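Only the coordinates and a few stated rules stand behind these numbers; no lab work does. The shown structure was predicted, so the numbers you read here are calculated from the model rather than taken from an experiment. All Cβ positions, even for glycine, are placed from backbone atoms using ideal geometry, and neighbour counts span all protein chains on display.
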Amino acid sequence: MIPELYLSRLVMDLRSRRVQRELGNPYELHRTVMAAFGDGCRGDGERVLYRLDPVRGAAVSVLLVQSLTEPDWAFLAAPEARGYLAEGWGENPAVKGFVPRFSEGQVLAFRLRANPTVRRKGKRLGLYREEEQLAWLRRKGEEAGFVPLSVRVIQEDALRGSLEREGTVHRLKLASVRFDGYLQVVDAARLAGAIAQGIGAGKGFGFGLLSLARP
């Protein structure tokens, strides 16, 4: 049975100091996202995915968050969060439920912000050449039940920041690329599972959310 998922859309005001701070450190944005889920990812296999999409010509950025659990964004209405969400963009945050259902052979438009990597000698290394990134996408498509048909590759700045674990600060540098294009469904059940679990590495830092729409 394919579970219902929730998709949240938050329009963030780039003039907010808190927003600027979170965009400068991916761990801070991760903490804000997970605050909407209480204990966050529990032991039941849930994966919270999110992605930042820029809006051309506006001082805002759209944060999309996908989850199995319905989120509670009430904390962003608190006085200390004033200015975080942009005004004049309708319901904000907006949350809707959906069930990912597809059919074999169906052609869909897609967007994926990914951290393409490969393991070599036990280490995870970023892929920065476009041909390597496209090959990575094809491999992930085989695993996830789809075939990329046409793809536009948008190179983004590497994601940098810091992460503190057990009193030790770890520096982050993650390859970042956005794939926009069209894909064909090969295995509908596998694709639905891949959407729920995300694609590739770095899911806790805004990578792996696959968005699909009718062309």
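Structural remarks
- Histogram of C-alpha separations across the chain, 10 Å bin width, %: 8, 32, 37, 20, 3, 0
- Vicinal HN-Hα couplings computed from phi for region 5-20 (Karplus, 6.51 cos²θ - 1.76 cosθ + 1.60; Hz; Gly/Pro x): 10, 10, 10, 9, 10, 10, 9, 9, 7, 5, 7, 6, 5, 5, 4, 4
- Close Lys-Lys pairs in the chain, where close means Cα under 24 Å and separation is 8 or more or interchain: 10
- For GLN106, nonlocal amide neighbours, meaning residues 5 or more places apart or on other chains whose placed amide H falls under 5 Å from its own, are VAL185.
- The charge dipole of the chain, taken about the Cα centre with unit charges on the Cβ atoms of Lys, Arg (+1) and Asp, Glu (-1), comes to about 780 debye, rounded to the nearest 20.
- For region 5-98, size of Cβ-based charge dipole, Lys and Arg +1, Asp and Glu -1, in debye: 340
- Computed on region 107-213, the Cα convex hull volume stands at 109 Å³ per residue.
- The HN-Hα couplings worked out from phi for region 136-147 by the Karplus form 6.51 cos²θ - 1.76 cosθ + 1.60 (θ = phi - 60°) are 4, 4, 5, 5, 5, x, 4, 5, 9, x, 8, 10 Hz, whole numbers, x standing for Gly and Pro.
- Per-residue packing, averaged as other Cβ atoms within 10 Å, sorts the ranges 176-183, 142-149 into the order 176-183, 142-149, beginning with the highest.
- Positive-end extreme of charge dipole, the chain - chosen from SER211, TYR6, PHE179 (charges on Cβ): PHE179
- Computed helical MRE - 222 nm, the chain, DSSP H runs ≥ 4 contributing -39500 (n - 2.57), nearest 500: -6000 deg cm²/dmol
- Near PHE207, the amide H atoms lying under 5 Å from its own belong to TYR50; only residues 5 or more places off or on other chains count, and H is placed 1.01 Å from N.
- Seen from PHE179, the other residues with C-beta closer than 12 Å to its C-beta sum to a net charge of +4, counting Lys and Arg as +1 and Asp and Glu as -1.
- Taking amide H as placed 1.01 Å from N in the peptide plane, GLY198 has no amide H partner under 5 Å among residues 5 or more places away or on another chain.
- Sorting the segments 6-16, 96-106 by their mean number of nearby beta carbons within 10 angstrom, highest to lowest, gives 6-16, 96-106.
- Residues in region 127-132 carry Karplus couplings, in order, of 9, 10, 8, 4, 5, 5 Hz; the curve used is 6.51 cos²θ - 1.76 cosθ + 1.60 with θ = phi - 60°, and Gly or Pro positions show x.
- Put a plus charge on the Cβ of each Lys and Arg, a minus charge on the Cβ of each Asp and Glu, and nothing anywhere else: the dipole of region 107-213 about its Cα centre is then about 400 debye.
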